[in-house]
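See below for the structure under consideration.
The values are calculated or read from the model by the stated rules, or taken from the named source; none is laboratory data. A quick note: this is a predicted structure, and the numbers were derived from the prediction, not measured. Every residue, glycine among them, receives a Cβ derived from its backbone with ideal geometry; neighbour counts consider all protein chains shown.
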Amino acid sequence: MANAFSYEFTISGSTPQEARDRVQRVLGERLRRPTSGGVQGNLHRAMRLSKQTPTSLVYKPKLQVPLPVSITVWVGRELRRENVNVTFTANGADETRVTVSGKVGEATQAVAGRDFWEGVLAASAP
């Protein structure tokens, strides 16, 4: 079963494109290793950037190793429509609204937590 989530944040001092670039660097790394486990713990939990526009990022499950077990896990995540959507909207002068939403499985439920996203935004601050 997938956990749905949705949050809004505000970033000061940047345009939507600048905010997207900074967040993308941090988020890409964090979604490659969404849990505190090692390489094995994250083998079937990683996400990849699947779509990018000047004001949005979309992440979907990543197939790490083309082996039968990995393919089965990946197909299950795809069928549950696991994803992470991040949009950046101008919110006045020098302020950007960041909307985060998506659905993730229980193995990656940390990604659905507000603390995870506050950490991503704090790490990507200028």
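For the structure I just gave you, tell me whether A46 is modelled with pLDDT of 85 or more and either out of contact with any His (no Cβ under 6 Å at 6 or more places or on another chain) or under 25 Å from G92 (Cα atoms) (or both). Answer is no for this residue. For segment 53-71, residues that are under 19 Å from N85 (Cα atoms) and among the polar types (S, T, N, Q) total 3.
Filtering segment 19-37 for residues that are at pLDDT below 85 and exposed (fewer than 14 other Cβ atoms within 10 Å of the Cβ) leaves a non-empty set. Among the residues examined, S6 qualifies as of a type outside the set (K, R) and modelled with pLDDT of 95 or more.
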